[in-house]
Amino acid sequence: TIQVGEETVELGAGQHAFGPRDIPHRFTVGAEGARMLWVLTPGGFEDFVEEVSAPAEAPAVPPPSVVPPENAAEIVLRHGMELLPD
């Protein structure tokens with residue numbers, strides 16, 4: 001499921017979505033997981049992902065014990081982004 005601005009869309013295999021700059025967007029992965037290909041321009045988002053992530057122990061949905069770092073909000077801001085409210 002992806003939310004772009006006020007629009008929420010359920011995507012299936014082979015479908016795509018566009019999350020333009022300056023329009024809030026987020027996604028939720030369901031219980032079956034997801035395989036996604038991201039095309040990001042300009043580059044730089046990968047630096048945020050690397051800083052906020054931990055290597056996976058297995059190719060599976062992480063267990064509930066895997067949580068964002070305590071300073072995740074600080075990392076988000078450092079990379080020029082903002083967190084959306086729930």
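What is the list of residues in the stretch 1-34 whose amide nitrogen lies under 13 Å from a point 7 angstrom out from the Cα of VAL52, following Cα to Cβ?
Label zone hits: 25-28.
Could you calculate the contour length gain from THR28 to THR1, that is, 0.36 nm times the residue separation minus the distance between their Cα atoms, to one decimal place in nm?
Stretched out fully, the THR28 to THR1 stretch lengthens by 9.2 nm.
Mean 1/r over all different Cα pairs, inverted: what Kirkwood radius does the chain give, in Å?
Value: 14.9 Å, from the Cα pair sum.
As a test of the formula, what do you get for the chain when each DSSP H run with n ≥ 4 contributes -39,500 (n - 2.57) and the sum is divided by the residue count, at 222 nm and rounded to the nearest 500 deg cm²/dmol?
So the helix-based figure for the chain works out to -4500 deg cm²/dmol.
Using a 1.4 Å probe and counting only protein heavy atoms, arrange VAL9, VAL67 so the residue with the most accessible area comes first.
Largest accessible area first, the residues go VAL67, VAL9.
Any chance you could run the full-extension gain for ALA73 through TRP38? It's 0.36 nm times the residue separation minus the Cα-Cα distance, nm to one decimal.
Net length gain for the segment: 10.4 nm.
So for the pair ALA60, VAL9, with labels modelled 7 Å out along Cα→Cβ, what separation do we get in nm?
Simple spin-label model gives 3.2 nm for this pair.
Would you mind working out the magnitude of the charge dipole of the chain relative to its Cα centre, with +1 at each Lys and Arg C-beta and -1 at each Asp and Glu C-beta, to the nearest 20 Debye?
Charge dipole, the chain, about its Cα centre: 200 debye, nearest 20.
For the chain, what's the relative contact order in percent, using C-alpha pairs closer than 8 Å and at least 6 residues apart?
Computed value for the chain: 22 percent relative contact order.
The values are calculated or read from the model by the stated rules, or taken from the named source; none is laboratory data. Worth saying up front: this structure is predicted, and the values here are computed from it rather than measured. When we count neighbours, we look across all protein chains shown, and the Cβ atoms used for this are built from the backbone with ideal geometry, even at glycine. Note: accessible area is taken over every heavy atom of the protein model, side chains too, but ligands, DNA and RNA are not part of it. Shrake-Rupley method; radii C 1.70, N 1.55, O 1.52, S 1.80 Å.
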